[in-house]
Amino acid sequence: MASKEGIKVMHITNHFKPCTGGVEKAVEIFCKKMKALSIESIVLCLNTCGKSKRKIKSGIVDGIKVIRIPYLDFGIYKISFGVLKNILRERPDILH
């Protein structure tokens, strides 16, 4: 790619805002810095916070597109079958 215009980055993480923690904050900072550089960011994460069972909907959080997906909870292991489907749908240039 010749320019950064039109680049789309998908950040894949367990949780994102309103969940709190170091990873969540780091991803938020990455997204905001990239937006300032005209790089689109999308966050793909699970649809709950930590040990909470309350479902959180996908949407726009502070100007960042957030896709929240359901998962199977095996304690420390979280398995979601929606990751690949969303990667193929959004077609990001970079996975982070």
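The values are calculated or read from the model by the stated rules, or taken from the named source; none is laboratory data. The structure displayed is predicted, hence computed values, not measured ones. Ideal geometry is used to build each Cβ from the backbone, glycine not excepted, and the neighbour counts take in all protein chains shown. Side chains are part of the model used for accessible areas, which takes the heavy atoms of the whole protein and leaves out ligands, DNA and RNA. Shrake-Rupley method; radii C 1.70, N 1.55, O 1.52, S 1.80 Å.
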Kindly provide the set of residues from region 50-69 that are touching a helix residue (DSSP H, G or I) at 6+ places or on another chain (Cβ under 7 Å) and in a loop (DSSP other than H, G, I, E, B), ordered by number. G63
I'd like the residue in region 36-66 that is without any contact (Cβ under 8 Å) to a residue 40 or more places away in the chain and at positive phi and, out of all such residues, is nearest to the chain's Cα centre (by Cα). G59
Members of region 11-41 found to be assigned to a strand (DSSP E or B) and in contact with a helix residue (DSSP H, G or I) (Cβ under 6 Å, 6 or more places away or on another chain), listed by number: H11, S41
Boolean, D93 is surrounded by fewer than 17 Cβ atoms within 10 Å (Cβ to Cβ) and in contact (Cβ under 8 Å) with a residue 24 or more places away in the chain: yes
Residue under evaluation T20, criteria (1) exposed (fewer than 13 other Cβ atoms within 10 Å of the Cβ); (2) on the phi > 0 side of the Ramachandran plot, criterion not met: (2)
What are the pairs with Cβ atoms under 7 angstrom where one residue, in region 67-90, is at negative phi and the other, located anywhere, is open to solvent by 100 Å² or more (accessible area, probe 1.4 Å) and of a type in the set (D, E, K, R)? Sequence gap at least six, or different chains. R68/K57
With (1) loosely packed, with under 14 Cβ neighbours inside 10 Å; (2) touching a residue at least 24 places away in the same chain (Cβ under 8 Å); (3) charged (D, E, K, R) as the list, and K33 as the residue in question, which single condition is left unmet? (2)
Scanning region 43-78 for residues that are open to solvent by less than 70 Å² (accessible area, probe 1.4 Å) and among the β-branched types (V, I, T), which turns out nearest to V9 (Cα to Cα)? V43
